[in-house]
Amino acid sequence: MESMTGTWRWGVGLAVLAGLAVLAAFWMIFFYVPTEASMGVVQRIFYVHVPAAWMAFMAFGIVALCSLGYLWLRDERLDAISVSAAELGVVFTTIVLVTGPLWGKLAWGAWWVWEPRLTLTLLLWFIYIGYFVLRGATDNPERGKRFAAVLGVVGAVDIPLIHVSVNWFRSQHPRAVILRPEGPTAGPEIVITLLVSLLAFTLTFFALLLFRYGLEKLRHHADAVRFAAESPRQAAPVSGGVA
Amino acid sequence: MRTLLLLLALWSAVPQVIPAQTAPPAVEQIAPSSPLPVRPAPPRTLRAHWHVFVAFALAWALLFGYVLSLGRRFARLERDIQGMHGAP
């Protein structure tokens, strides 16, 4: 329980920093950055849409790495981080899938276009919904964790595909404006505002990840208490815990 | 009633406000988007502001909803643990 308090304290600290960064980002998005010439005010969705997409990629990257570690070491902490990051990945991908059509309707004249980047992002969302379905699909929780970990590793292949899809295929989605070998093509105000927004989203992401990880530790603790209550002569659950 | 009249007056003032926004003060050009034929710039209407508002509102509502769900799950687990400790 000691480590749970530490996780909680770090989460609260990061949440406070995230709140400050969110306020700064809001000020920059609505008062500092100039209106983009070709798309107008709707381009401001960019400052939520793009950082949310980067957070989703980072979340599923963490899922892939920790799932790989879990398959190798069978460390329950890695599984706890995986499931926490996967849940956040679904939240941030949902933000991407909700904000994108609101921008696309005015920029392209359509809420949704079945073009490579959008389709692959929707596929990513379904893969990680499948991750949770798989975890609960078997009677044996350990087997469910293993199956989900395999999907977590395999599903991450979609992330680089989403990134390169705008260059490899004929795509209606705008190409990268920041992560380009020859440097960003957007103006400095746009780049700075995006970076502040990205900082706000990153701090929010890690604060939520710590809270979700703390919840997972508490769940393991509850399982251990329940196990001890049901079989008083046995000291600890067989699978161990994450605390 | 006075609030409603005030809102109606503000709403009727909107068409006069919008044309002033058609020429943005500062101009930033984002990346050339795609090899597909370039569509004309979207009309600068109040609709664009609504899309921005809804996008931001939904994004933060999702995050707050997630925080609330975390809080509810925490509370339920702590109740369960206290119940198990209190159980004979």
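What follows draws every value from the coordinates through simple rules; no lab data is involved. Everything quoted here is computed from the prediction, not taken from an experiment. Glycine also receives a Cβ, built like all others from the backbone with ideal geometry; neighbour counts cover every protein chain displayed.
For segment A:73-83, state whether one or more residues are crowded, with 23+ Cβ neighbours inside 10 Å and charged (D, E, K, R).
Checked against the condition, which is being crowded, with 23+ Cβ neighbours inside 10 Å and charged (D, E, K, R), segment A:73-83 yields at least one hit.
Which residues, counting only those in segment A:16-46, are touching a helix residue (DSSP H, G or I) at 6+ places or on another chain (Cβ under 7 Å) and more than 9 Å from every other protein chain (Cβ to nearest Cβ)?
Passing the criteria: A:Leu17, A:Ala18, A:Ala21, A:Ala24, A:Ala25, A:Met28, A:Tyr32.
Name the residue that is farthest from A:Val22 (Cα to Cα), counting only residues in segment A:48-76 that are in contact (Cβ under 8 Å) with a residue 40 or more places away in the chain and aromatic (Phe, Trp, Tyr).
A:Tyr70
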